[in-house]
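Each reported figure results from applying straightforward, stated rules to the coordinates on display, with no laboratory input. It should be emphasised that the depicted structure is a prediction, and the values quoted were computed from it without experimental measurement. When we count neighbours, we look across all protein chains shown, and the Cβ atoms used for this are built from the backbone with ideal geometry, even at glycine.
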Amino acid sequence: MVVRSSVHVLPREILGKSTFELGVTMMKWMPVWLADKTLLFLARIVLGDTDKYGLKRPKLGPLELKNLECKTPVLDIGALPKIRSGKIKIVPGIIKFGRGKVELVDGRVLEIDSVILATGYRSNVPSWLKDNDFFSDDGIPKNPFPNGWKGEAGLYAVGFTRKGLFGASLDAMSVAHDIACRWKEESKQHKKTAAARHRRCISHF
């Protein structure tokens, strides 16, 4: 998982209440800076120190940051335990992509199978995806829903349908099914190639 900037990670619930609901309630009775300190203290008890996993917190508290810059904290719904266990690794920004690999800003080169790009609320895909007919100038796939999820050379798009979570869910299922089919086909081809090589080895004897 690439984390390029500081981010507030909060538990989904604190003391049996929604974290956002708790934050709003506290702001009714105390200043924002004190509500932030209280919220972060409780979050540290629940989640532990997120800094040591590569998730640096901003200098401004989550509520103040939301008020000033409209940046919403990230709610943990299961990723943090996987980060702690090492199943998900945090890395810094990416400089460039290569065939089956990425080069990071710290100089490391990692082998990868796929890339999932979370583009945010505004699509800037046309600014960096060049020589591709998949997306229109406004950053939306040219093919209309429900066929706008698949491009060429293993490129997929999820959530660009403007159909809310329903559309994103259909996109995700279509992508997962297509990847599974491609994986099965490549696995079959690999087995056939391996079997052919084995037969050639036997024939030499």
Requested in this report: Please label the shape of the stretch 118-161 as rounded, prolate or oblate, based on the square roots a ≥ b ≥ c of the eigenvalues of the alpha-carbon gyration tensor (a/c under 1.5 means rounded; beyond that, a/b larger than b/c means prolate, else oblate).
Outcome: rounded
**Report entry** GNM result for the chain, Cα springs below 10 Å: residue of A180, A168, A43 fluctuating most strongly
**Finding:** A180
Report summary line: Looking only at lysines whose Cα falls under 16 Å of K130's and that sit 8 or more positions away or on another chain, we get K96, K142
Requested in this report: Straight distance only, please: which lysines reach the Cα of K184 with their own Cα at less than 21 Å, same-chain residues fewer than 8 apart left out?
Outcome: K150, K192
Query raised in the report: Comparing K191, K96, K163, which has the greatest mean-square fluctuation in the GNM of the chain with Cα pairs linked when under 10 Å apart?
Result: K191
Query raised in the report: E21 to R4: extension gain in nm, 0.36 nm per residue of separation minus the Cα-Cα distance?
Result: 3.3 nm
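Report the semi-axes of the equivalent ellipsoid for the chain in whole Å, largest first, where each axis is √(5λ) for an eigenvalue λ of the Cα gyration tensor.
41, 23, 17
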Query - Helical segments meeting 15 Å axial Cα length and Kyte-Doolittle 0.0 threshold in the chain (DSSP H) - result: 19-29, 32-47
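Let's see if you can work this out: charge +1 on each Lys and Arg Cβ, -1 on each Asp and Glu Cβ, no other charges. What is the dipole magnitude of the chain about its Cα centre, in debye to the nearest 20?
It works out to roughly 760 debye.
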Query raised in the report: Hey, what did the chain get for relative contact order, percent, Cα under 8 Å, at least 6 apart?
Result: 14
**Report entry** Potential lengthening between M173 and V91 on full extension [0.36 nm per residue; Cα-Cα distance subtracted]
**Finding:** 26.8 nm
Query raised in the report: Cα-based Rg (one decimal) and Dmax (whole number) for the stretch 87-167, in Å?
Result: 14.4, 40
**Report entry** Mean-position separation - Cα centroids, the stretch 49-77 and the stretch 101-149, in angstrom
**Finding:** 25
Query raised in the report: How about K37: which lysines have a C-alpha closer than 25 Å to its C-alpha, ignoring those fewer than 8 places off in the same chain?
Result: K17, K28, K52, K56, K59, K66, K71
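First check a/c for the stretch 9-85, with a ≥ b ≥ c the square roots of the eigenvalues of its C-alpha gyration tensor; if it is under 1.5, answer rounded, and if not, answer prolate when a/b is larger than b/c or oblate otherwise.
Details: a/c = 1.96, a/b = 1.47, b/c = 1.33.
Taking the square roots of the gyration eigenvalues as a ≥ b ≥ c, the stretch 9-85 is prolate.
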Query raised in the report: So what is the 222 nm mean residue ellipticity for the chain from helices alone, if each DSSP H run of at least 4 adds -39500 (n - 2.57) and you divide by all residues, rounding to the nearest 500 deg cm²/dmol?
Result: -14000 deg cm²/dmol
